[in-house]
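The values are calculated or read from the model by the stated rules, or taken from the named source; none is laboratory data. Worth saying up front: this structure is predicted, and the values here are computed from it rather than measured. Here Cβ is always computed from backbone atoms with ideal geometry, including for glycine, and neighbour counts include all displayed protein chains. Each accessible area value is taken on the protein alone, full model and side chains, heavy atoms only, with ligands, DNA and RNA left out. Shrake-Rupley method; radii C 1.70, N 1.55, O 1.52, S 1.80 Å.
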Protein chains: 2
Amino acid sequence: VPALDRGLALGDGVFRTLRVRSGRALNWSWHWARLTADCEKLRLPAPDEATLRSEVARVAPGDAVVKATITRGEAGRGYAAPTAVRTTRIVSAHPPPEHPAEWAEAGVRVRRCHLVLAQQPRLAGAKTLNRLENVLARSEWDDPAIAEGLLADAEGRVIEGTMSNLFIAAGGRVFTPDLGRCGVIGAQRERVRELLRHEKVHCEERNLRWTDVLAAGEIFLTNSLIGVWAVRQVDERAYAPGPIAARVRELIERDDAAA
Amino acid sequence: VPALDRGLALGDGVFRTLRVRSGRALNWSWHWARLTADCEKLRLPAPDEATLRSEVARVAPGDAVVKATITRGEAGRGYAAPTAVRTTRIVSAHPPPEHPAEWAEAGVRVRRCHLVLAQQPRLAGAKTLNRLENVLARSEWDDPAIAEGLLADAEGRVIEGTMSNLFIAAGGRVFTPDLGRCGVIGAQRERVRELLRHEKVHCEERNLRWTDVLAAGEIFLTNSLIGVWAVRQVDERAYAPGPIAARVRELIERDDAAA
């Protein structure tokens, strides 16, 4: 990548991380939907879908994690975007993450992060290359037994994990934080909401507080690589394994198999 | 730059932009002070000063703008930083910006931007590679007669320009916004504060509102490339050329010549 690429100079770009199994990009439709939504948020020309799919297929013929990055391309110094943008597209394959097998089975331990997310509605939801808050939050712990950290904003609204989206189940209903002010809308989050809708399980975006998280019967995390992780502990609060996370895992697996 | 550099993947790095004249890096001491402060904010190992100076001298033997970028280097996917960091350092020379000569002489027209800066005290002040807010703000206008846009936070505190720091003069005193919640602390801003202090001109960091800006007798902008620009208009409000910006320009020029 050229040193003058705006992706490097300014973080002026977006990316997605997706799972490829036996050469099939899982949950492609939501990845594509989110990528184009994020490009639109930055007024960045989206790539051609067929081209991008073929690039993903080329770098990952078997099992892999694929990262696709789109930047506003090479340009001179300064914030003003060039009138004729030639985006840079980077598609790379990586080994799948190696998380302990019991995390998927028995649930994970997570912590509350100290870092407070800034509120920027103009960028909220988008998976941009400006990820320093996640870097700072992830640097708060190095205990390998802790799988994830949860983040809130300055008003005490719980938003997400450093690399995952959050769902809580309470009173037979499922809630996930509203991401209109900060946070990243994951492709897996969107699919899980859709799958729950099809199952007639009420799943609502709303503002959630730490008290809501601690009072919930069940909480779980999603992203495109982990699928779903039930949470068995947030700091000192323990949760029993719950049926909703298990059901969501089944739904994801069925959807992956059917695609 | 490798595609897996954390500077590109996450904006995990910092940069400075400085002016070199006849092979001399102007205001070096403040650039160096700010660079090391910003590295510390990200817990990024700072480069060796003598090495960096010699790299600047090598790329810019005459007149140039030099950009120095330090990233957390190449790494695998994910937010967790590698335990053994090998930073990437990019030092590049660029032509000096070509602004109309009358901007320095007669002052500039600026506008109020719609974009509202997010508040992130953990990153405030640092010139990181996460610059999407500046990109969005700069994209709000393309009228070449408008030199700069001013930005405020959600509480209505005026913070900075998209590429410059703001000073206002009122009642014989000078004020510049407090940058503890958002904004970038420019090396020129710090030098101007120091030069004013030596002149026994009271210059105070404080929270400033639009009403303060509109009520000020004089306002001016600083950065390392423009030096100082008096502002002659903010949207519909016009300002007469004032003595403080002129004095600051003299002080900067004298300091540059003496270094």
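What residue, of A:Leu8, A:Leu4, is closer than 17 Å to A:Arg72 by Cβ and buried (at least 22 other Cβ atoms within 10 Å of the Cβ)?
Answer to the selection: A:Leu8.
Within the range B:164-178, can one find any residue that is facing chain A (nearest Cβ under 10 Å) and surrounded by fewer than 21 Cβ atoms within 10 Å (Cβ to Cβ)?
No, that holds for no residue.
How about the range A:134-153: which of its residues are open to solvent by 10 Å² or more (accessible area, probe 1.4 Å) and either assigned to a loop (DSSP other than H, G, I, E, B) or touching a Ser or Thr at 6+ places or on another chain (Cβ under 8 Å) (or both)?
Matches in the range A:134-153: A:Arg138, A:Ser139, A:Glu140, A:Trp141, A:Asp142, A:Asp143, A:Pro144, A:Ala145.
Go through the range B:35-49 and count every residue that is surrounded by fewer than 18 Cβ atoms within 10 Å (Cβ to Cβ) and free of Cβ contacts under 8 Å to residues at least 40 places away in the same chain.
Within the range B:35-49, residues that are surrounded by fewer than 18 Cβ atoms within 10 Å (Cβ to Cβ) and free of Cβ contacts under 8 Å to residues at least 40 places away in the same chain number 6.
Considering only residues that are part of a helix (DSSP H, G or I) and facing chain A (nearest Cβ under 8 Å), look in the range B:7-49 and name the one that is farthest from B:Gly227 (Cα to Cα).
For the range B:7-49, the residue satisfying everything is B:Ala9.
If you take just the strands (runs of 3 or more DSSP E) that sit entirely in the range A:50-128, which of them hold at least 2 residues that are more than 11 Å from chain B (Cβ to nearest Cβ) and open to solvent by 20 Å² or more (accessible area, probe 1.4 Å)?
Counting at least 2 such residues, we get A:108-117.
I need the full set of residues from the range A:129-152 which are more than 10 Å from chain B (Cβ to nearest Cβ) and of a type in the set (D, E, K, R), in order please.
A:Glu140, A:Asp143, A:Glu148
For the range A:208-259, which residues satisfy the criterion of being under 19 Å from the mean Cα position of the chain (by Cα) and open to solvent by 70 Å² or more (accessible area, probe 1.4 Å)?
Across the range A:208-259, the qualifying residue is only A:Glu253.
Given the conditions (1) open to solvent by 40 Å² or more (accessible area, probe 1.4 Å); (2) modelled with pLDDT of 95 or more; (3) more than 16 Å from the chain's Cα centre (by Cα), which single one is not true for A:Trp32?
If we test A:Trp32 against (1) open to solvent by 40 Å² or more (accessible area, probe 1.4 Å); (2) modelled with pLDDT of 95 or more; (3) more than 16 Å from the chain's Cα centre (by Cα), just (3) comes out false.
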